[in-house]
Amino acid sequence: MLSHKARKVAVLGVAAALLMTGCGRDAGAPAGAAASAVPIASGKATGTITVWAQAEEGAALPQLAKDFEAANPGVKVNVTAVPWDAAHNKYQTAIAGGTTPDVAQMGTTWMSDFSDAFEPVPSEVDTSGIFPGALKTTEVAGTHVGVPWYVDTRVVYYRTDLAAKAGHDTFPTTWDGFKSLAKDLQTKAGAKFGVRLPVGEGDSFQSMLPFPWSNGAQLVNEDSTKWTLDTPEMVDALKYYNSFFEEGIADKSPATGAGAGEAAFVNGTVPMLIAGPNAIGQLEKAGGPGFADKFSVGMIPKEKTATSFVGGSDLVVFKKSQNRDTAWKFIQYLSQPEVQTKWYKLTGDLPAKQASWTDASLSGDAKLAVFGDQLKDTNSPPAVTTWTQVGAAADTQLEQIIRAGKDPAVAMKELQSTADSAGTGH
């Protein structure tokens, strides 16, 4: 999953977060430090750095860069805004040609694609207090090669007015309770479908991963050397997920046009969906004045855990940086909790540093507070170069399960074979 900004064009739907593993760091080093990382020179930043950042982030970043320049007289930060849809190719070309910037914004699932070009994170860069799931997105083959900049996760949006009509005054916390609410929204509150869930469009398998993760499934083993897709935990989660379609609680052929999910949520035909923080504003806009009081959010329902997806963006320094000390000092600056809070107020990007969430702009918002709680239990696809290939094959298998009645156990056995052939790149 990329930044939530990169996914604005996607249909509202489920998306999904992570567990910390050992990363081979020095016992005395802070989280995220790599033993082989080169130290940062002491003193103030000097010289000029170039920074590439995508879309809205690229447009807003110069405001923070000015503060960094003011604190480090003589420093110049040149920011280039790169469209999300062109960014991957642009980075690929720059790496091949040796023309990379000093600092760049990376979508979390791009880290393994370009990791050989990134510097390990120096121990002087404080990554303590970052949400563990977000920090995990920067780890490739046991080494942290970037620092989380902002985070994105998914929660359940539901119509509180219709839930009350269906006899539910609180949002359920379990799989059974979640399914019961979805059913009751149909039978007691007049909804056509109880919940909107991805079926087979791009990244659908990735989008439904909160359910396998919450059932204890993992996509790879601990050191990311082998895929683990045909486990009982994965199969049982897929059976549960597919039961929503088998029982007519979710639509096998949902409308996929822009705004379709919001429209169905607002008109009450499908009053529950799983989406990220951008949906708050989108739904309020679609529903008009007063609609904000008609919906709320809840954490991903729990089976063994209540694990969601973590996305967002990471910041990296390229090995070919001409001013790597100042590049890392700029990332240090952007990682300060007070700066991350300021960045949230500028852009709406959720802070990766947990300390930022004590600010009233976040803690005082009931909906956003749920996102803060959800970010404590997240996971993400493995940082391996073959995930795109395996994820595409998984999308096909998921669609065959839902629309063609394929046995989830058979589908996952076939997917496991495909993934084994692709390997993990380790």
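Given a Förster radius of 30 Å and the C-beta distance between His426 and Thr174 as r, what FRET efficiency does 1/(1 + (r/R0)^6) yield to the nearest 0.05? Efficiency, from the Cβ-Cβ distance: 0.25. Report, to one decimal in Å, the Kirkwood hydrodynamic radius for the range 222-378 based on all distinct Cα pairs. Averaging 1/r across every pair of different Cα atoms and inverting gives 19.1 Å. Straight-line reach from Lys342: which lysines fall under 17 Å, measuring Cα to Cα and dropping same-chain residues less than 8 apart? In chain and number order, the partners are Lys66, Lys353.
Here the label points at Lys188 and Asp116, each 7 Å from Cα along the C-beta direction, are separated by 5.8 nm in the simple model. Summary value for the range 48-101: 46 percent relative contact order, contacts being C-alpha pairs under 8 angstrom separated by 6+ residues. Dividing the mean sequence gap of close Cα pairs (under 8 Å, 6+ apart) by how many residues the range 106-155 holds gives a relative contact order of 40 percent. Here the spin labels are modelled as points 7 Å beyond Cα on the Cα-Cβ line, and at Asp126 and Ser361 they lie 2.0 nm apart. With both labels modelled 7 Å from their Cα along Cα-to-Cβ, the Ala96 to Val410 distance reads 4.2 nm.
Evaluated at q = 0.07 Å⁻¹, the base-10 log of the normalised Debye intensity for the chain, with identical point scatterers placed on the Cα atoms, takes the values -0.33.
Share of Cα-Cα pairs in the range 116-242 beyond 22 Å, in percent? Distances greater than 22 Å cover 55 percent of the Cα pairs. Counting only helical runs of four or more DSSP H residues, what would the 222 nm mean residue ellipticity of the chain come to if each run contributes -39,500 (n - 2.57) and the total is spread over all its residues? Calculated mean residue ellipticity at 222 nm is -11500 deg cm²/dmol.
Our summary of shape: the Cα atoms of the range 84-129 have principal axis extents of 32, 21, 16 Å, ordered from largest down, in whole angstrom. Among beta bridges identified by DSSP and lying wholly in the chain, the antiparallel ones come to about 65 percent. Highest mobility in the GNM of the chain, judged by mean-square fluctuation with C-alpha springs under 10 Å and restricted to Ala65, Ala279, Ala41, is found for Ala41. Taking each of Lys285/Lys329; Lys90/Lys406; Lys226/Lys252; Lys179/Lys252 in turn, the alpha-carbon distance tops 28 angstrom for Lys285/Lys329; Lys90/Lys406; Lys226/Lys252. Using 0.36 nm per residue and subtracting the Cα-Cα separation, the extra length available between Asn78 and Glu247 on full extension is 55.3 nm. Summarised in one figure, the compactness ratio Rg/Rh of the range 86-183, Cα atoms and Kirkwood Rh, is 1.21. For the chain, relative contact order (Cα pairs under 8 Å, six or more residues apart, normalised by length) works out to 28 percent.
Each reported figure results from applying straightforward, stated rules to the coordinates on display, with no laboratory input. Fair warning: this is a prediction, and the values are worked out from it, not measured in the lab. Cβ sites come from the backbone with ideal geometry, for glycine too, and all protein chains shown count toward neighbours.
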